[in-house]
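To start, the structure under review is shown below, and the notes come after it.
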Amino acid sequence: MRHLLLLPGIFLLITACAPQPVTVTREPVTLRVVAADSCEPFLRDAVSGYQASRPWVTVEPQVFDTAVADQVLREEGAHVGLLSWVWEEDEGREPSLWTEGVARDGVAVVVHPGSPLVEIGVAQLREIFLGRLQEWDGVVLTVVSREEGSGTRAAFESLVLGGEGTTLNAVVTPSNESMIEYVADTPGAIGYVSTEWLDAGVHVLEVEGVLPTEQTIADGSYPLWRQLYLASNGEPAGEAREFSQWLLSGGGGQSGGAGGG
């Protein structure tokens with residue numbers, strides 16, 4: 001009986017001596033991420049999800065147009081970036097950027113809600129933005145463009161204008177948000193924005209009979225789409241590599257689909 005009474009004590013002693021789980025406190029890490037204006041909504045969702053999964057990481061986002069974001073990366077002002085366009089003429093620049101496609105984004109054509117335009121073809125868009133077609137059903141058109149250095153402008157001019165420049169008579173806006181505001185307030189206005197920034201204050205046109213939706217952008221049936229790129233100054237390392245792999249594996253929730261310079 002005495003031996004039986006000793007058993008619980010021996011068991012407790014063995015348990016106390018057994019290896020206990022070790023709690024490892026991770027060192028805080030700061031990750032600087034730069035993004036084009038069109039990529040801001042995509043980045044916002046990605047940052048929220050990534051920090052939730054890795055609470056020791058603080059992501060510091062910066063948002064500019066694509067040309068400035070590109071330069072920040074080249075000057076190592078950020079660890080990794082999201083770009084809405086990669087210019088071919090930049091391929092020979094040093095240092096060269098590492099890039100990987102991370103999502104698709106549509107360039108939506110938007111008009112004032114009172115516009116007689118409902119749908120449009122690429123050929124008609126070209127004539128309007130080159131300044132050759134200035135009126136539609138008695139309404140004088142106001143062409144609204146993004147600024148030089150905008151990835152959205154570069155994509156639009158490549159897809160619609162064949163690389164030619166937008167008419168010098170265009171009103172120039174510095175962001176997707178300001179584009180929406182101007183078009184919504186200006187009768188006769190016609191412009192373009194990333195589909196991530198669409199707002200009920202403007203009317204979205206069908207282009208070649210197709211509206212820009214997540215499905216039509218993903219399958220390529222909507223003609224005005226472009227790739228969004230994950231980029232860094234050389235192949236990413238450390239936390240930037242972890243973030244990049246997380247995004248490319250679908251951690252941002254939009255890899256390969258419509259996203260959002």
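The values are calculated or read from the model by the stated rules, or taken from the named source; none is laboratory data. What you are looking at is a predicted structure, and each value in this text was computed from that prediction instead of being measured. Cβ sites come from the backbone with ideal geometry, for glycine too, and all protein chains shown count toward neighbours. Areas reflect the complete protein model, heavy atoms only, side chains present, ligands, DNA and RNA absent. Shrake-Rupley method; radii C 1.70, N 1.55, O 1.52, S 1.80 Å.
Among 242-251, 63-72, what's the highest-first ranking by average C-beta atoms within 10 angstrom per residue?
Numbers: 242-251: 17.0, 63-72: 21.5.
Ranked by mean Cβ neighbours within 10 Å, highest first: 63-72, 242-251.
Using DSSP to call loops (not H, G, I, E or B), can you name the trypsin sites (Lys or Arg not before Pro) in region 132-163 whose Cβ has at most 11 other Cβ atoms within 10 angstrom? Display every interim value, and only then the final one.
Values: sites: ARG132, ARG146, ARG153; in loops: ARG132.
Passing sites in region 132-163 are ARG132.
Quick one: what are the phi-derived ³J(HN,Hα) couplings along region 213-218, Karplus 6.51/-1.76/1.60 with θ = phi - 60°, whole Hz, x for glycine and proline?
After applying 6.51 cos²θ - 1.76 cosθ + 1.60, I find 10, 4, 5, 6, 6, 5 Hz.
Output needed for region 147-261: three equivalent-ellipsoid semi-axes, defined as square roots of 5 times the C-alpha gyration tensor eigenvalues, in descending order, whole Å.
On the way: eigenvalues 163, 60, 41 Å².
The three semi-axes for region 147-261 are 29, 17, 14 Å.
Take the Cα of THR167, step 7 Å along the line toward its Cβ, and report every residue of region 117-135 whose backbone nitrogen sits under 14 Å from that point.
What the label zone holds, given the 14 Å backbone N cut-off, is 124-135.
For region 47-168, taking Cα atoms only, what is the radius of gyration to one decimal and the Dmax to the nearest whole Å?
Cα-based Rg and Dmax for region 47-168 come out at 18.5, 60 Å.
Give me the distance between the Cα centres of region 170-244 and region 56-121, rounded to whole Å.
10
I'd like the carbon and sulfur percentage of the solvent accessible area for region 189-257, probe radius 1.4 Å, heavy atoms only, ligands and nucleic acids excluded.
Numbers: 1290 of 2810 Å².
Summing carbon and sulfur atoms, their accessible area is 46 percent of the total for region 189-257.
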